[in-house]
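Structure, as structure tokens:
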Amino acid sequence: MAEKLISIDGVAKRFPGAGGETTVFEDLWLRIDRGEFVCVIGHSGCGKTTLLNILAGLDSPSEGAILVGGKEIQGPSLDRAVIFQGHALLPWLTVLGNVAYAVSSRWRSAPRSEVEARARKAIATVGLAGAEGKRPSELSGGMKQRVGIARALAIEPTIMLMDEPFSALDALTRGTLQEEARRICRETGQTVYMITHDVDEAIYLADRIVLMTNGPRARIAEVVVNPLPADRRQGQIHHDPHYYAVRNHLIDFLVSRSVILRDTPPPDYDQRNPPVIRLDGRTPVAHAA
Amino acid sequence: MTLSLRMRGAIVSLLLLGAFLGAWHLAVGGVSATQVMDPEYAKLMGITATQGKSAMPGPLDVGRTILTHLADPFYVKGANDKGIGIQLIYSIGRVMVGYILAVLVAIPVGFVIGMSPVMNRALDPFIQILKPVSPLAWMPLALYTIKDSGISSIFVIFICSLWPMMINTAFGVAGVRKEWLNVALTLEVGTLRRAFTIILPAAAPTILTGMRISIGIAWLVIVAAEMLVGGTGIGYFVWNEWNNLSITNVITSILVIGVVGMLLDQILAWCQHLVTFPE
Ligand SMILES: Nc1ncnc2c1ncn2[C@@H]1O[C@H](COP(=O)(O)OP(=O)(O)O)[C@@H](O)[C@H]1O
Ligand SMILES: [Mg+2]
């Protein structure tokens, strides 16, 4: 039995607006196991980033709580690394400087040599050895994102929070980085919450795919368990017999059901236990019209 | 015909300078009709009236004066007769002291204003009222309280350097990108370390812009302040030479003030270049 690591318990987020409060989401429940890779899919503005910010401790929920390892999140923590949507590298530092900044924040009293060694190792892990002395402005989009990943990895977090980390990249670079991200996360046993727009990315990377309805008052409509085998390979997933079932399900959701399920949830819908969808051909799936 | 832009610019600059010097030379060297007059009266009237030569020195006179000043810039021949180099050192010294004191006050205060919305609102009315006051308006108050003309000039430099640096620092600090601050937050970086490792480098180009504006204003103000309080300094030198009716020295001083001002600005431009990062 997998060990529960993150538990999102009845979380709501409301922002004060011009015409009263807007509720991005409320009464949101989700649990994520240790070592699990969870992708979140939903239309823009449904609150994926808002939830990520709360998980990161950069924002706090209006109601409810998020527990990590049984303890309520009280703010940002070095155990939860964030890979930001816009890479967020510090432009006045080199690649090495950026990663070393994170390392020296984690190990405050570590000697310089150790900080540098750890930073170099993380940079090598993402395949950027040799580019340590470059500034972010001299790097391509894909390389910047790699530095972002190296910076997150270098602090040896238990949880990685990624906000559309590859969305700004070309298809080829994205494929390579997805492959590396998956390898690294599996090797280091990361627990991952990743936001994506890309259905194939979710199918390749995720163990479970969380589908969020449109906002405001977004809900977790369903949680899709990825039926693809663990040894799946990037660029080959479309040969898997279950691939099209998953893909069609996700696309149907994004095209039409993301609105329907917000406004008229199924009669037996339970916020605390959103329907779990298995598309492995053994469990029949009831599709909403 | 493929001279670089830089070369073409330099050639036009030289041509303009030549045209200006030529026109100046012709304008002051022109001989107008002289009146026949009583020799005693002519002595009183001086060379202008008797030889038709203008009292305005020509470029060659100024050139000669500059050479004599360059040959011996640091002479001291009494309280009211010191070399232009010594006067410059007095002025630059006052500007430096006042300016550095202003840096020490403006940057920390600017940080506080930029980081705290409450302090921003609390200090805003004071800054808005004090900023437009001509720095020279502080002079009587400074003289009355400090009772020393040199220190009063330093105080005036301090006051006039303060505002651009403070406002730019606050602006730069408040405008640091949220994502960089979030990086520091997720790494659990403390407030002080965050101020030095994220906010300072991120705001540095804006802060340096303020420092550059300030040094320019300080150099403008020191001349006026020294004219007012007298004693020493390049401002006093200009005024003294005017009283001596030595227009050649006045023109020389104008040139020297311009060159020093340019150098001060270039030094800060270079510092600004050092802290600017490409994105
Ligand atoms: N600081 C904020 N103040 C007010 N509204 C916000 C704020 N941040 C996000 N929102 C709103 O919350 C909703 C969800 O935003 P976000 O989480 O960024 O969506 P997503 O990442 O899913 O595209 C949007 O409607 C957005 O306008
Ligand atoms: Mg988002």
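Annotations
- By the count of neighbouring beta-carbon atoms within 10 Å, fewest first, A:240, B:81 end up ordered B:81, A:240.
- Rounded to the nearest 20 debye, dipole of chain B from Cβ charges on Lys, Arg, Asp, Glu: 520
- Short to long, the 20 Å bins of the Cα pair-distance histogram for the protein assembly as shown hold 16, 34, 24, 16, 8, 2, 0 percent of all pairs.
- Projecting label points 7 angstrom from Cα along Cα→Cβ for residue A:112 and residue A:170 puts them 3.9 nm apart.
- Virtual spin-label span in nm between residue A:14 and residue B:79, 7 Å along Cα→Cβ: 7.8
- In plain terms, the bigger the Kirkwood radius, the slower the diffusion; for chain A, with that radius from Cα pairs, at 25 °C and 0.890 mPa s, Stokes-Einstein puts D at 124 µm²/s.
- By the count of neighbouring beta-carbon atoms within 10 Å, fewest first, A:134, A:71 end up ordered A:71, A:134.
- Equivalent ellipsoid, segment A:90-156 (semi-axes from 5 times Cα gyration tensor eigenvalues, Å): 18, 11, 10
- Dividing the C-alpha radius of gyration of segment A:49-150 by 2.2 N^0.38 Å, with N its residue count, gives 1.21.
- Here chain A is assigned +1 on the Cβ of each Lys and Arg and -1 on the Cβ of each Asp and Glu. Its dipole about the Cα centre then comes out at about 660 debye.
- Equivalent ellipsoid, chain B (semi-axes from 5 times Cα gyration tensor eigenvalues, Å): 48, 25, 15
- Extension gain (nm, one decimal) between residue A:244 and residue A:156, 0.36 nm per residue minus Cα-Cα: 28.1 nm
- Against chain A, whose longest principal axis comes from its Cα atoms, helix A:171-187 is set at around 90 degrees.
- Two-decimal Rg/Rh across segment B:85-231, once Rg and the Kirkwood Rh are taken from alpha-carbon atoms: 1.07
- Rounded tilt (10° steps) of B:84-115 against the dominant C-alpha axis of chain B: 20
- Residue order, fewest to most surrounding Cβ atoms within 10 angstrom, among A:188, A:176, A:264: A:264, A:188, A:176
- Formal net charge of residues neighbouring residue A:119 (Cβ-Cβ distance under 11 Å; K, R +1; D, E -1): +3
- Taking the DSSP beta bridges with both ends in chain A, the antiparallel portion is around 50 percent.
- Structure-based [θ]222 nm, the protein assembly as shown - -39500 (n - 2.57) summed over DSSP H runs of at least 4, per residue, nearest 500: -17000 deg cm²/dmol
- Around residue A:69: net Lys/Arg minus Asp/Glu count, Cβ-Cβ under 15 Å: -1
- Cut-off 15 Å between beta-carbons: net charge of the residues surrounding residue B:237, Lys and Arg +1, Asp and Glu -1: -1
- If you plug the beta carbon distance of residue A:71 and residue B:192 into 1/(1 + (r/R0)^6) with R0 = 35 Å, you get a FRET efficiency near 0.85.
- Relative contact order (%) - chain B, alpha-carbon pairs under 8 angstrom, separation at least six: 19
- Chain lengthening between residue B:276 and residue B:262 when straightened (0.36 nm per residue, less Cα-Cα): 3.0 nm
- When the inverse distances between all different Cα atoms of segment B:145-246 are averaged and flipped, the Kirkwood radius reads 16.2 angstrom.
- Each of residue A:233 and residue B:120 was given a label point 7 Å from its Cα along the Cα-to-Cβ line. The distance between the two points is 5.5 nm.
- Cα long-axis angle, helix A:141-154 against chain A (0 to 90 degrees, to the nearest 10): 80
Since every read-out is calculated from the coordinates, none of them should be taken as a lab result. Just so you know, these numbers come straight off a predicted model, no measurement behind them. So basically every Cβ, Gly included, is an ideal-geometry build from the backbone, and we count neighbours across all protein chains shown.
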